[in-house]
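Report on the following structure.
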Amino acid sequence: MKLNHLLSKTQILKQENNALLFNNKQAKQLLEHYGSPLYIYMEDVFRKCCQDMKNLVTYPHFKISYAVKANNNINLLKIAREEGLSVDAISPGEIFLEQAAGFDASEIFFVSNNVDVSEFKFAMERGIQISVDSLSQLDLFGRHFPNSKIAVRINPGIGDGHHDKVITAGDKTKFGIHATELQEIKNIAAKYNLSINGVNMHVGSNFLTIANFIAASKVLLSNAEMFIDTLEFVDIGGGIGISYKDGQEVDLKLLGQTLDELFYAFANKHNKMITFCIEPGRYVCAQSSILLATVHSIKTTPFTTFVGTDAGFNVLMRPMAYDSYHEILNCNNVRGEQTPVSICGNICETGDLLAQERPLTATKEGDILAILDAGAYGYSMASNYNARLRPAEVLLKTDGKAKLIRRRDTLADILANQILD
Ligand code: LLP
């Protein structure tokens, strides 16, 4: 039941002789060719997720700004662009990658946070829309770029997300300008003749029910009225969750209908068809990827069994950082009986666990594990901790062919920035 759900979700995992295949290429062949561990992306799933976002509402002026912090591989950015998505950016580095992927300045939204003026300049010189995240940053912007357009990020007071660390609105977060400071936004804008052309928010990451997101969107829309004369867009942020576990997922149909109601009501009330934007990261890329890892050791202690793999938290940090759940399957034994094991990596920390006491089919050295839904905040949060090499990334194209889209690190790469006397 569970497996069938996963199989239909990815549409591409196929079962044959009790082993998982990827478009008829065995996982083993992929690892032999590209090395282990390995991030695999399925183009058709990625495109489908882009389309889900594109088709979310019927409101005509709707923009999807893909939050590339989730995954910034330029090959995926190019596909997102082909699918008609725009992008958001948190840094000049992301802007650089987005322009390299072919995005026009008008398709990029720089959602800045605690930046110095050089980052504002970087975006302004390129004609990219910026949002600022505090009154002091608005003042800094105004001093250097009077008579400009600028958006402001509001904290709607309601957050959501899968973990405290990724809730980005409400009482405990550094993000957004509080609603009590709206008048001060106007004062600073007047001082520098700034035109507040957009308001934006982001409640947090991976919400699975929509109530908080909708409540926060309503708060943002009511705050936006303060700037209605100059307002061109309202961006309600990202955070749309995916089903990592048990098939629980966001009801996209309900979300789309509810947003449509809000969007049309606002446009009608103000007789102004402003643009509405969302900033999904995870939804666009998470489900398209499988991380393959190789089992190197099985250790049974009096307390548990450790399945030791080559996918440490330098490769996939989410379980270590947030106790996140990723479905894990043994490609060599898909349907056997399951017993609980702890699945770990090869990093020198006890917290280097992909899963704890997780039911897994009988596993032996050399088996290949498939870690599902690894496309968001997987490679983009990978590191060279312990001087480990980050893995390669491979795209399984819709025609079934595998294409290397990022090579594996080499030993020379980890020395590259160090100064040799
Ligand atoms: N917009 C802004 C301003 C953001 O800060 C983020 C994510 C997004 C959009 C996209 O959110 P998404 O749709 O992907 O939930 N590393 C964590 C997630 C951190 C999210 C950071 N901001 C994780 O692995 O769960």
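The values are calculated or read from the model by the stated rules, or taken from the named source; none is laboratory data. Every value quoted in this text rests on a predicted model; they were computed, and no experiment measured them. Here Cβ is always computed from backbone atoms with ideal geometry, including for glycine, and neighbour counts include all displayed protein chains.
For the reader, a short list of remarks on this structure follows.
- When region 200-228 is filtered for residues that are out of contact with any Pro (no Cβ under 7 Å at 6 or more places or on another chain), within 16 Å of the ligand (Cβ to nearest atom) and in contact (Cβ under 8 Å) with a residue 60 or more places away in the chain, the ones remaining, listed by number, are 200, 202, 205, 206, 217.
- Within region 73-89, being within 16 Å of the ligand (Cβ to nearest atom) and closer than 15 Å to residue 109 by Cβ holds for 77, 80, 85, 86, 87, 88, 89.
- Matching residues, region 129-170, being more than 15 Å from the ligand (Cβ to nearest atom) and either surrounded by 21 or more Cβ atoms within 10 Å (Cβ to Cβ) or polar (S, T, N, Q) (or both): 136, 138, 141, 147, 148, 150, 158
- With respect to (1) of a type outside the set (Val, Ile, Thr); (2) more than 27 Å from residue 273 (Cα to Cα); (3) in contact with a Ser or Thr (Cβ under 6 Å, 6 or more places away or on another chain), the lone exception for residue 141 is condition (3).
- Residue 374 in contact with a strand residue (DSSP E or B) (Cβ under 6 Å, 6 or more places away or on another chain), closer than 25 Å to residue 30 by Cβ and in a loop (DSSP other than H, G, I, E, B): yes
- Among the numbered conditions (1) without any contact (Cβ under 8 Å) to a residue 40 or more places away in the chain; (2) under 23 Å from residue 168 (Cβ atoms); (3) under 18 Å from the mean Cα position of the chain (by Cα), the only one that residue 88 does not meet is (1).
- Selection from region 261-294 of residues that are crowded, with 24+ Cβ neighbours inside 10 Å and in a helix (DSSP H, G or I): 263, 282, 283, 284, 285, 286, 287, 288
- Residue in region 179-199 that is within 14 Å of the ligand (Cβ to nearest atom), of a type in the set (Asp, Glu) and either under 20 Å from residue 115 (Cβ atoms) or not in a loop (DSSP other than H, G, I, E, B) (or both) present: no
- Conditions (1) away from the ligand (no atom under 16 Å from the Cβ); (2) at pLDDT 95 or above; number of the one not met by residue 336: (2)
- The set of residues in region 22-65 being within 18 Å of residue 380 (Cβ to Cβ) and part of a strand (DSSP E or B) consists of 38, 39, 40, 41, 42, 65.
- Odd one out for residue 335 among (1) more than 30 Å from residue 44 (Cα to Cα); (2) surrounded by fewer than 17 Cβ atoms within 10 Å (Cβ to Cβ); (3) touching a residue at least 24 places away in the same chain (Cβ under 8 Å): (1)
- Each residue in region 222-243 was checked for being part of a loop (DSSP other than H, G, I, E, B), at pLDDT 95 or above and of a type outside the set (A, V, I, L, M, F, W, C), and 7 of them qualify.
- Top-ranked residue of region 377-392 - restricted to ones that are in contact with a strand residue (DSSP E or B) (Cβ under 8 Å, 6 or more places away or on another chain) and of a type outside the set (Ser, Thr, Tyr), ranked as nearest to residue 318 (Cα to Cα): 378
- For region 189-211, filtering for residues that are surrounded by fewer than 19 Cβ atoms within 10 Å (Cβ to Cβ), in contact with a helix residue (DSSP H, G or I) (Cβ under 9 Å, 6 or more places away or on another chain) and over 21 Å from residue 233 (Cβ atoms) leaves 1.
- Among (1) in contact with a helix residue (DSSP H, G or I) (Cβ under 8 Å, 6 or more places away or on another chain); (2) within 14 Å of the ligand (Cβ to nearest atom) - the single one residue 109 does not satisfy: (1)
- Members of region 119-174 that are charged (D, E, K, R) and over 21 Å from the mean Cα position of the chain (by Cα): 119, 121, 125, 126, 139, 143, 149, 171, 172
- Residue 202 fulfils the conditions (1) over 23 Å from residue 262 (Cβ atoms); (2) outside any helix (DSSP H, G or I) except for a single criterion, (1).
- Screening residue 343 against (1) crowded, with 23+ Cβ neighbours inside 10 Å; (2) within 15 Å of the ligand (Cβ to nearest atom) leaves a single unmet condition, (2).
- Residue match in region 275-289 (condition: more than 16 Å from the ligand (Cβ to nearest atom) and farther than 30 Å from residue 216 by Cα): no
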